[in-house]
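A.B. asks: One structure, pasted below without further comment.
The values are calculated or read from the model by the stated rules, or taken from the named source; none is laboratory data. Quantities reported herein were computed from a predicted structural model and do not represent experimental measurements. Every residue, glycine as well, gets a Cβ built from its backbone with ideal geometry; the counts of neighbours run over all protein chains shown.
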Amino acid sequence: MRGIHLAGLHDEPPPGVTDALEAVEGVDGVLAHGLARLGEPQLAALTGLAGALTATPLGGRVTEAVEKLSVGSVADEHLAALAGARTALFGAVHDALLARVDGVLGRDRSPWTGPVADAPDQDTANLRAGCRAWLHELAVTGWRGVDQDLVAAADRPVEAALAVPALRRLAVLLDGLAAELRASCPVAVTSRLPARRWADLWSRALLLAQEAAPATPPPVDAVDGRLLPLGVDVHEHGTAVQVQVHAVLEPDGGGPTRLVRATVGAARTDTIVGPALWRLLDAHPVLLTALAQHRALRVTGLPARGGDLIWRDDRATLDEPADPFATARVLLAGARAAPVPPLDRHPAAIAEPVLLEGYAVSTTPTGGTTLTLDGQPLDVAVDRLPGCGPLTPELVVASSACVGLLRWDAGRWSVQPLAVQATVKRKPVEAHNGDWALGVTDPKVAKAEAKAGDAVEVLRERAGRLLRR
């Protein structure tokens, strides 16, 4: 990726992006305030939302919903239109930004051909209605009015939805939103609200709770071929950990190479941190070995949805060594990217694998990190580096090559390192997020881990003791 490409990222935002984000910000303010007591600023924000979608297929429904909401009529269909309008605006921003990235990288992307929505499911209609009722109360009350009683009202619909596999995605989303609200109660005295995040969760949950919910990506034929990992993105939450492997797939029988992702996860407690997180994923030994030893994988009959592989360890075998940097240099530029499902089109979800080389790294006066390539700066998201691998901010500063994810956040582009090549004490060093998937290889860190004890083993032993009682 050369400087002329980086210069393209720093051009003015695509037309309409700024206006769309302003309209979304207005909706977020309405949801924070609550629909029960709309004032002039909130009415103006809703009017601006309707104006932004006038020329779209949603225009009529959104205009009608805004008119009804403005006079105090809050029906399910009006909230669905509000959530759909907000999601559509973010989708348009996502598409405009991703089109720029594809142009900068010269990346080919398959078009979306899946269904827009699933057929209504009458068997789950009552459960979906229960979820919508709680989301309705949230919208009417507003984030500032949320209390423990309102949060507790989510328990019953979440418990009922969790028991139905088809609604588990919705149930987990509602459970997470309720947990964040509970932790922030009383919200009225919170100095700064995560209004964008809570509005994102509310909008997605409301759309998933519709009787004809947005469709999931359709299953495709099981894939066969050679999978070459590029890097690992680790997502940590207080109750869960998820490892997302970005890779290039060389399909058997020819055809273009493809950019894909394989994701595995596990439940966790907040006492399990650092390298111990990998112990939670020991049900996937083939994948973990490939990450730790920088090996390619042969996959046979592995199911996939779009660009997401549904990982099955028994459908994969270890192949020969494959250097992620060599894979990026040889195959990344020509790999075809997968289409993005409609509901996943959000600027915060942009995470495009890139290879950067020959840059200089500097630290800003505010403590940030910036790399400069041919005179063009790019922020480095060192705050996204996980604690379960050897990649550190110091290695990023000393690096000259990076495999990372190109992201867009708060109006700026940044790169999230997944692996770097650096020079430390005049010696070449490589560090990858997945290097410790089979255990810590740094003697100092390993000694500290041994001294701290094996939290995963202790918790498993205690859980087994409780089950035996």
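A.B. asks: Quick one: which strands (runs of 3 or more DSSP E) lie wholly within the range 308-383 and hold at least 2 residues that are assigned by TED's automatic domain parsing to the domain that holds residue 400 and under 30 Å from residue 114 (Cβ atoms)? Quick ask: steps written out before the conclusion?
C.D. replies: Details: elements: 316-321, 352-357, 360-363, 369-373, 376-380.
So the answer is 352-357.
A.B. asks: Here's something else I'd like to know. Could you tell me whether residue 304 is at pLDDT below 95, surrounded by 17 or more Cβ atoms within 10 Å (Cβ to Cβ) and more than 12 Å from residue 245 (Cα to Cα)?
C.D. replies: yes
A.B. asks: What's the total number of residues in the range 320-362 that are at positive phi and under 25 Å from the mean Cα position of the chain (by Cα)?
C.D. replies: Our first condition is that a residue be at positive phi; within the range 320-362, this holds for 358.
Within this subset, residues satisfying the condition of being under 25 Å from the mean Cα position of the chain (by Cα) are none.
Count: 0.
A.B. asks: Give the range 25-45 a look and list any residue that's under 28 Å from the mean Cα position of the chain (by Cα), assigned to a helix (DSSP H, G or I) and under 16 Å from residue 80 (Cα atoms), or say none. Before the answer, list the steps.
C.D. replies: Filtering the range 25-45 down to residues under 28 Å from the mean Cα position of the chain (by Cα) leaves 25-34, 45.
This time we only want the ones that are assigned to a helix (DSSP H, G or I), so: 25-33, 45.
Correct list: 27, 28, 30, 31.
A.B. asks: Next up: Checking residue 294 against (1) at positive phi; (2) free of Cβ contacts under 8 Å to residues at least 60 places away in the same chain; (3) buried (at least 18 other Cβ atoms within 10 Å of the Cβ), only one condition comes out false. Which one?
C.D. replies: Looking at each condition in turn, residue 294 falls short on (2).
A.B. asks: Please work out which residue is nearest to residue 385 (Cα to Cα), limiting yourself to the range 253-262 and to residues that are in contact with a Gly (Cβ under 8 Å, 6 or more places away or on another chain) and modelled with pLDDT of 95 or more.
C.D. replies: 261
A.B. asks: Which of the residues that make up the range 46-79 are closer than 23 Å to residue 198 by Cβ, more than 29 Å from the chain's Cα centre (by Cα) and among the aliphatic types (A, V, I, L, M)?
C.D. replies: Correct list: 65, 66, 69, 74, 75.
A.B. asks: Residues 300, 372, 364: which one is in contact with a Phe, Trp or Tyr (Cβ under 7 Å, 6 or more places away or on another chain), of a type in the set (S, T, N, Q) and farther than 28 Å from residue 446 by Cβ? Break it down into steps so the answer makes sense when it comes.
C.D. replies: Numbers: 300 fails: in contact with a Phe, Trp or Tyr (Cβ under 7 Å, 6 or more places away or on another chain); 364 fails: in contact with a Phe, Trp or Tyr (Cβ under 7 Å, 6 or more places away or on another chain).
Answer to the check: 372.
A.B. asks: Exactly one of these conditions fails for residue 336: (1) within 29 Å of residue 197 (Cβ to Cβ); (2) in contact (Cβ under 8 Å) with a residue 40 or more places away in the chain. Give me its number.
C.D. replies: (1)
A.B. asks: Among the numbered criteria (1) part of a loop (DSSP other than H, G, I, E, B); (2) in contact (Cβ under 8 Å) with a residue 40 or more places away in the chain; (3) exposed (fewer than 14 other Cβ atoms within 10 Å of the Cβ); (4) not acidic (Asp, Glu), which one does residue 125 miss?
C.D. replies: Status for residue 125: all satisfied but (1).
A.B. asks: May I ask you to verify whether residue 158 is of a type in the set (Val, Ile, Thr), part of a helix (DSSP H, G or I), assigned by TED's automatic domain parsing to the domain that holds residue 9 and touching a residue at least 40 places away in the same chain (Cβ under 8 Å)? Walk me through how you get there before you give the answer.
C.D. replies: Working: of a type in the set (Val, Ile, Thr): yes; part of a helix (DSSP H, G or I): yes; assigned by TED's automatic domain parsing to the domain that holds residue 9: yes; touching a residue at least 40 places away in the same chain (Cβ under 8 Å): no.
Answer is no for this residue.
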